[in-house]
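Below: one structure, written as structure tokens.
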Amino acid sequence: MADIDGTKQEKKDKEYFTHVPQEAPGFFLKGSHQYDWGMKNRLSKVFNPKNGRTIMLAFDHGYFQGPTTGLERVDQTILPLEPYCDCLMLTRGIQRSVIPASTQKAIALRASGGTSMVSPMEEWEGEVGEGESKRAFKLQRPGFEPLSNESLACSIEEAIRLNASVLAVQVFIGSAYERQSLKNLTDLVDHANRYGIAVMGVVAVGRAMARNAQYFRLATRIMAELGAHIVKCYHTDEDFETITSCCPVPIVIAGGKKRPELDALKMAYDACEQGASGVDMGRNIFQSDAPVAMMKAVRGVVHEGLKPGEAFQLYQDLKAGAAS
Ligand code: R5P
């Protein structure tokens, strides 16, 4: 029987070789050295060949959230950030309506969807017991996440028309729609491989799922095994290097909810030091008090060798300069 990661016995026996980089002979990017020319060229637009890292600017949130704070007017808030990232992660609607076709940035196109933050929960209501002990109950199916009921939401022809380098698909390991989201991933990989376009599997964390290294090791590895060329997950306070080490393709981290700027810069720094190939960050940049300053500070950490404290100082200086 297959082992289950994280049981006491198994944890003792596992060896992640976190200090031994995985080789990629002849190419700069982990796990990508045996792809065809077109795929490698697209990945080289997303990841900087000098250091193998990327700053993806994520602003696809509207695909299920509508006008997220900071994204009410993408033309006003995101276009000023565009010069400082490597890749724009977005929906086709925003790409066509707002992003100049003259952009030189790589495109990571949201390719799954079909649900919203107000999708109905599946619930059962009833009563148990008799007489005075009679009680009403309301239950939600464990692991059920209405948001996880996604489909593929973009054809491969559309992705080619939009010159996508990467297609992003949400994967909900442990949810009621796990199988369906994994099928979305494998179908997309089949389509995208025909044309040398990369697929990024995005680990979605539902309420029923713990945001810990054990869960992310499981989810990222499953996606890589099923063909994802890039995997996106959250950073963890503990054992993040075990997640990057046992995932054979590049991992980029999502920023998650807005946190203080210094904390976000530390997270980006730690993630890269622990084997991430960069960030796919949204709210911690575009919801900052000074988004351009924060974007440049993130760039300092990911690409320019700044320590978190130095990058935070840069953020403060730029913010003060912009205000004066
Ligand atoms: C989430 O589903 C979206 O796809 C975002 O791209 C992702 O969460 C990254 O954005 P943030 O840094 O705001 O978490």
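Applying both filters, DSSP loop and at most 11 other Cβ atoms within 10 Å, to the trypsin sites (Lys or Arg not before Pro) of the stretch 197-259 gives Arg207, Lys257. Amide H to amide H distances under 5 Å link Lys232 with Gly201, Val202, Val203, Val252, where only residues 5 or more positions off or on other chains count and H is placed in the peptide plane. Taking Tyr215, Tyr35, Tyr234 as the candidate residues, the one with maximal mean-square fluctuation in a Gaussian network model of the chain, Cα springs under 10 Å, is Tyr35.
The value of relative contact order for the chain, using C-alpha pairs under 8 Å at least six residues apart, is 17 percent. The Lys307 and Asn163 beta-carbon pair, evaluated with R₀ = 45 Å, returns a calculated FRET efficiency of approximately 0.80. Translational diffusion coefficient, Stokes-Einstein: compute it for the chain using the Kirkwood radius over C-alpha pairs as Rh, at 10 °C and 1.306 mPa s, and state it as an integer in µm² s⁻¹. The estimated diffusion coefficient comes to 77 µm²/s. Listing Arg259, Arg299 from fewest to most neighbouring C-beta atoms within 10 Å gives Arg259, Arg299. Pairs of Cα atoms nearer than 8 Å and 6+ residues apart set the relative contact order; for the stretch 92-225 it is 24 percent.
Farthest toward the positive end of the dipole of the stretch 1-135, out of Val98, Val74, Phe28, is the Cα of Phe28, where the dipole comes from beta carbon charges about the Cα centre. 3J(HN,Hα) along the stretch 26-41, derived from phi through the Karplus expression 6.51 cos²θ - 1.76 cosθ + 1.60 where θ = phi - 60°, amounts to x, 9, 8, 10, 3, x, 10, 6, 10, 7, 7, 4, x, 5, 5, 5 Hz, with x in place of Gly and Pro.
Note that the stretch 160-174 has calculated 3J(HN,Hα) couplings of 5, 4, 8, 6, 6, 8, 9, 10, 9, 10, 7, 10, 10, 5, x Hz, one per residue in order, obtained from phi through the Karplus relation 6.51 cos²θ - 1.76 cosθ + 1.60 (θ = phi - 60°); glycine and proline are x. Charge dipole (Cα centre; +1 on Lys/Arg Cβ, -1 on Asp/Glu Cβ; no other charges) of the stretch 37-323 amounts to roughly 720 debye.
Loop-located GluC sites (Glu not before Pro) in the stretch 68-172 (DSSP state not H, G, I, E or B) with no more than 13 neighbouring Cβ atoms inside 10 Å: Glu72, Glu122, Glu130.
Read-outs throughout are calculated quantities, based only on the coordinates presented, and are distinct from any laboratory measurement. Everything numeric in this text was worked out from a predicted model, so none of it was measured. As a convention, Cβ positions derive from the backbone with ideal geometry for all residues, glycine included, and neighbour counts pool all protein chains shown.
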